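A short worksheet on the structure shown next.
The values are calculated or read from the model by the stated rules, or taken from the named source; none is laboratory data. Since the structure is predicted, the reported quantities are computational estimates derived from the model, not experimental observations. So basically every Cβ, Gly included, is an ideal-geometry build from the backbone, and we count neighbours across all protein chains shown.
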Amino acid sequence: AKPTTGGGIGPGFRQIKGILKPLSEAIKANALNEKQLHKITNKHFMAMKKDQDKARALRNLLVSDTTDKELNKHFTNFAREDVLELINEIGDIEKPVPLGLALIKKVPAFRRLALRAGTRLMFR
């Protein structure tokens, strides 16, 4: 299984939605130069990049940057009934950060990751 980063089709549609109005206005005003296009896209994309960087850091913390032993512990914890309930309540594949933070905050088995998570999520 491939862990996701929140960079799938949903965020792609949000990118389009975020630039559609200013892009349409630029087309109508015949202002489609490189500087204007960069201005239209940069602000929206930078906000999305920040969210995706946080999601990637969380994925790396829980899955990618772990030993096999740690990963097995995480999978065992993910399979617990209380954790599954939390995943079903808060989980959203397109927005993994709120779930990851809830897991670290509410599930004692994941609390030991809080310092590493805090460092990675706060400074992204």
Does any residue in the range 97-118 that is touching a residue at least 12 places away in the same chain (Cβ under 8 Å) come within less than 7 Å, Cβ to Cβ, of a residue that is among the polar types (S, T, N, Q) six or more places away or on a different chain, and which pairs are these? Val107/Asn77; Ala109/Asn77; Phe110/Asn77
Restricted to the range 82-95, and to residues that are more than 17 Å from the chain's Cα centre (by Cα) and surrounded by 15 or more Cβ atoms within 10 Å (Cβ to Cβ), which residue is nearest to Leu113 (Cα to Cα)? Val83
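Look at Ala47 and say whether it is in a helix (DSSP H, G or I) and surrounded by 15 or more Cβ atoms within 10 Å (Cβ to Cβ).
Values: in a helix (DSSP H, G or I): yes; surrounded by 15 or more Cβ atoms within 10 Å (Cβ to Cβ): no.
Taking the combined requirement at face value, the residue does not satisfy it.
Suppose the filter is of a type in the set (A, V, I, L, M, F, W, C), out of contact with any Leu (no Cβ under 8 Å at 6 or more places or on another chain) and not in a helix (DSSP H, G or I); does Ile93 pass it? Explain how you work it out, then say what you get.
Working: of a type in the set (A, V, I, L, M, F, W, C): yes; out of contact with any Leu (no Cβ under 8 Å at 6 or more places or on another chain): yes; not in a helix (DSSP H, G or I): yes.
The answer is yes for Ile93.
Anything in the range 96-110 that is of a type in the set (Val, Ile, Thr), part of a helix (DSSP H, G or I) and over 14 Å from the mean Cα position of the chain (by Cα)? List them, or say none. Steps first, answer last, please.
Of the range 96-110, the ones of a type in the set (Val, Ile, Thr) are 97, 104, 107.
Next, from what is left, pick out any that are part of a helix (DSSP H, G or I): 97, 104.
Matches in the range 96-110: Ile104 only.
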Among the numbered criteria (1) closer than 29 Å to Ile19 by Cα; (2) at pLDDT 85 or above; (3) not polar (S, T, N, Q), which single criterion is violated by Ile93? (2)
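Kindly establish whether Glu25 is surrounded by fewer than 13 Cβ atoms within 10 Å (Cβ to Cβ), more than 20 Å from the chain's Cα centre (by Cα) and among the acidic types (Asp, Glu).
On the way: surrounded by fewer than 13 Cβ atoms within 10 Å (Cβ to Cβ): yes; more than 20 Å from the chain's Cα centre (by Cα): yes; among the acidic types (Asp, Glu): yes.
So Glu25 fits the description; yes.
Looking at the range 70-81, is at least one residue closer than 15 Å to Glu94 by Cα, out of contact with any His (no Cβ under 6 Å at 6 or more places or on another chain), of a type outside the set (D, E, K, R) and surrounded by 15 or more Cβ atoms within 10 Å (Cβ to Cβ)? Walk me through it before giving the result.
In the first step, residues of the range 70-81 are kept if they are closer than 15 Å to Glu94 by Cα; the result is none.
Within the range 70-81, not a single residue is closer than 15 Å to Glu94 by Cα, out of contact with any His (no Cβ under 6 Å at 6 or more places or on another chain), of a type outside the set (D, E, K, R) and surrounded by 15 or more Cβ atoms within 10 Å (Cβ to Cβ).
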Please pick out the residue among Ala31, Ala57, Ala26 that is under 19 Å from Leu113 (Cα atoms) and of a type in the set (Gly, Ala, Ser). Ala57
